[in-house]
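See structure below.
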Amino acid sequence: MSASNYITHKCQLALKAFLQTQTFPDIPSAQIYAGIENITAAVNENVPETRILPCIECVCQEAEAVDEHFLNWMATAEVRIRTNADDTTEANHHAIAATVLNTITTDTLAADLTSALADFTAFLVNFTTQRWDLVDRSWQSIIMFQIHCAGSDIS
């Protein structure tokens, strides 16, 4: 399998790159992250938190091959909008999350992701789930979707 097919990482990077080109009044682009937060590293390095809130996390940990040559994938991805519950009301969190979700839930997301990252093509994005929660003193709104994609440029 080609290195260009490490598709889960590419999906995260494409989501992050796309979102960093957008303007969110409450979330600076430096607080848009790819991948999951490594709490263990923060504890071992005596760092109180590895992610600055509010933030956006672009996560893709699973993809299925949809052809026998491992060229096309169906990746399961999510975007998490996190805010600190100690200084953000529930209503304010929902307003911040709505701004991000309105940017993501468009008919052009596949093309936007393709443009955001070289050597990556998104063919189709199917939104699957939205939810929100309060986890360890942070509000979290999450949107999940499937990205039909390939780890190369398709012209």
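The values are calculated or read from the model by the stated rules, or taken from the named source; none is laboratory data. Keep in mind it's a predicted model, so treat the numbers as computed, not measured. As a convention, Cβ positions derive from the backbone with ideal geometry for all residues, glycine included, and neighbour counts pool all protein chains shown. Calculation scope for accessible area: heavy atoms of the full protein, side chains included, ligands and nucleic acids excluded. Shrake-Rupley method; radii C 1.70, N 1.55, O 1.52, S 1.80 Å.
Values computed for the structure shown
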{"item": "Average projection area in nm² (convex hull over Cα atoms of the chain, one quarter of hull surface)", "result": "9.8"}
{"item": "Using a Förster distance of 41 Å, the FRET efficiency for Val66-Glu37 (Cβ separation, nearest 0.05)", "result": "0.90"}
{"item": "Distance (nanometres) between label positions extended 7 Å along Cα→Cβ at Ile154 and Arg131", "result": "3.0"}
{"item": "Accessible carbon and sulfur surface of the chain relative to its total accessible area, %, 1.4 Å", "result": "51"}
{"item": "Helix-only [θ]222 nm of the chain, DSSP H runs n ≥ 4, -39500 (n - 2.57) each, per residue, nearest 500", "result": "-8500 deg cm²/dmol"}
{"item": "Test item: Cα-centred dipole of the chain, Lys/Arg +1 and Asp/Glu -1 on Cβ, debye", "result": "140"}
{"item": "Stretchable slack from Ala95 to Ala111, in nm (0.36 nm times residue separation minus alpha-carbon distance)", "result": "3.2 nm"}
{"item": "The chain - accessible surface per residue (Å², probe 1.4 Å)", "result": "53"}
{"item": "Average Cα contact separation per residue, the chain, under 8 Å, 6 or more apart, as relative contact order %", "result": "26"}
{"item": "Note, ³J(HN,Hα) from phi for the range 6-22, Karplus 6.51, -1.76, 1.60, rounded to Hz, x at Gly and Pro", "result": "6, 6, 4, 5, 4, 4, 4, 5, 5, 4, 4, 4, 4, 5, 6, 7, 8"}
{"item": "Selected from Phe120, Gln31, Ala65, residue furthest toward positive end of dipole (the chain; charges at beta carbon)", "result": "Gln31"}
{"item": "Two-site label geometry, Asn102 and Thr21: point separation in nm, points 7 Å out along Cα→Cβ", "result": "2.0"}
